[in-house]
Every structure is written in C-alpha cells, then in structure tokens.
Amino acid sequence: MASASRQESEETFNSRMSTAGLKFGGRFKPSDCKARNKVAIVVPYRDRKFHLKIFLRYMHPFLQRQQLEYAIVVVEQSDDLPFNRGLLMNIGFKEAQKQDRFQCFIFHDVDLLPEDDGNTYACPEVGKPRQMAFSIDIYDYKPTPIDHFGGVSAFSTSDFRRVNGFSNVFFGWGSEDDDLYRRLLHHNLTVTRINNLNTSTIVRYRMFDHPVAEPNPDRMRLFDQGTRRLESDGLVDLRYRRLSVKFKPLYTHIIVDVQPQMHKTQKLSDSK
C-alpha cells in the first residue's frame, strides 16, 4: 500500500508539472510571457536516487516561479570508477547543446537546494560567471572562501567554452572546482556573488546529508600540473561513451561510460 501511495504521489506531481507546461526531458517554457533566459541545469549523478527525487520535485516549481525557459539534464556515470564530477559537467554541456541552443548553463550538485525564490537562476553576464552556493547551512551560512567555485555555478555558454570547461582528469573527490577557478583567472573572467547585506539570506542553500566521498589521492599533483593542461584538457578532449539518452517526465537522463577518459588519465599519470 505504501508503495502504491508513493507511486500515486509521483504521478500526481508529474501531472501537475505537465499541466504547468513541463515537457518530457524536463523542459519548460512560460506560456504567459517570453522568457529572457534559456538555461540548462546540468546535474552530475550516481547512486543518489532519493536526493534526485527531492531535487526534481523542489527545483521545477522553483525555476518556474522565476519564469525561466529551462531544461534539467542529469548525467549519470555508469561504471564503478571513482566519480568524476568535472567530466560529467563537460559531458552535460556537450550533450545539452545537441538538444537546443542554451544561453547559459548552471552546474548543480544534486544535494544542494536554494532556500529563497529571490536567488536568481537567470543567466550571468558574459565575462562574469556566478558562484551561487557559497552560503550553506552545514557551514552555518558562513561565506565560503573567495576562491571557492563549487556546488552551484553559472556560466554563459561562451564563457564556459572560453575556459575549456572543467578538467577531465579528477577521478574521485576534490580539486576539479579549484582547477576551474584557476581557469577563470587565466582568462581574466570576473567571478560574481550576490552577497551584500540586504540579500545575505536570499542566497542560502541547504545541503542533504550524504556519505563522505573518498578523496582522490592524486588530486594535488594533478592540480599542481594543471596549468600545463589548460588548453588541452577539458571540452576539447572529452572521451566517453554515451550509453543512453532518455527524455523522462522531469529530466533528460544521459548515462555515460567514462572508461575512455580514465585510460587517457592513466597514460598521463604514467608519463609523469
């Protein structure tokens, strides 16, 4: 009976979203106005089914209240290799552009939820990528360091191409966001935050409890050598195998095998 109730609840929510205008693949366009922004929300994912369910139920109404034209793209790593967040973000960027011409991308961890509708998910200015998740409940909402650029971040499409996306070599937790921040500085982009006193509560995020990820033991060496790879490691050198693309009621689900990238990363490590 409980299972049937949950299924009915899911069907009711999907029906409500469909009535609101949500299309298969997690795509939405306001019917009563012309949206100024066409945004792709890219979510890297593996083994977080419960978090994803909450994320989708929360984010669709949140984004619709901001009258955005958007799509939610979930990129799932299929293999048992260490999770590669940066690589999945790059894949999401590439695969989303096969579906539509998005003005900007918001790269979004599945375990973070914005607390206030005033936290805009509109596109950032070109040349000014926006760090969004810098005030989080588990840190008592104390601002993260100025060079922190993880969790939730927004890029114009042209800026993300300009910095060559994320590095692809960070398998396991850590340093892919630090490497991305260095890429922004290298290309003279200005990181913005909405952090004045009048809006300090608007930009807060809540984080789900989750197991602590296993750090990448090689992350500091890879990070230290990252300046050599700014132009060669990223969007220009994506290696993966797309296993499936499914347009589900609440999101576009892309499953990928990242073994090809791991093989290249191992060759890179062996050559040092």
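The values are calculated or read from the model by the stated rules, or taken from the named source; none is laboratory data. Please read these numbers as outputs of a predicted model, since none were measured by experiment. We place every Cβ from the backbone using ideal geometry, glycine too, and count neighbours over all the protein chains shown. What goes into the accessible areas is simple: the full protein's heavy atoms, side chains included, and nothing from ligands, DNA or RNA. Shrake-Rupley method; radii C 1.70, N 1.55, O 1.52, S 1.80 Å.
What the table below lists for this structure:
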item	result
Where Leu81 falls short, out of the listed (1) closer than 30 Å to Lys34 by Cα; (2) in contact with a helix residue (DSSP H, G or I) (Cβ under 8 Å, 6 or more places away or on another chain); (3) open to solvent by 10 Å² or more (accessible area, probe 1.4 Å); (4) not basic (Lys, Arg)	(1)
Search result, residues across the stretch 201-247 that are touching a helix residue (DSSP H, G or I) at 6+ places or on another chain (Cβ under 6 Å), open to solvent by 50 Å² or more (accessible area, probe 1.4 Å) and either of a type in the set (A, V, I, L, M) or not in a loop (DSSP other than H, G, I, E, B) (or both)	Arg206
The stretch 12-26, residues that are without any contact (Cβ under 8 Å) to a residue 60 or more places away in the chain and either under 19 Å from Val74 (Cβ atoms) or open to solvent by 60 Å² or more (accessible area, probe 1.4 Å) (or both)	Thr12, Phe13, Ser15, Arg16, Thr19, Lys23
Any chance Val39 is modelled with pLDDT of 95 or more and within 24 Å of Thr192 (Cβ to Cβ)	yes
Single match in Phe62, Phe105 (criterion: open to solvent by less than 20 Å² (accessible area, probe 1.4 Å), modelled with pLDDT of 95 or more and over 14 Å from the mean Cα position of the chain (by Cα))	Phe62
Residue pairs meeting the criteria (Cβ under 7 Å; at least 6 apart or on separate chains; first over 14 Å from Asp140 (Cα atoms) and β-branched (Val, Ile, Thr), in the stretch 192-214; second at pLDDT 90 or above and open to solvent by less than 40 Å² (accessible area, probe 1.4 Å))	Thr192/Pro124; Thr192/Arg130; Ile194/Val203; Ile202/Asn119
Whichever residue in the stretch 133-153 is aliphatic (A, V, I, L, M) and at pLDDT below 95 and, among such residues, is most open to solvent (accessible area, probe 1.4 Å)	Ile146
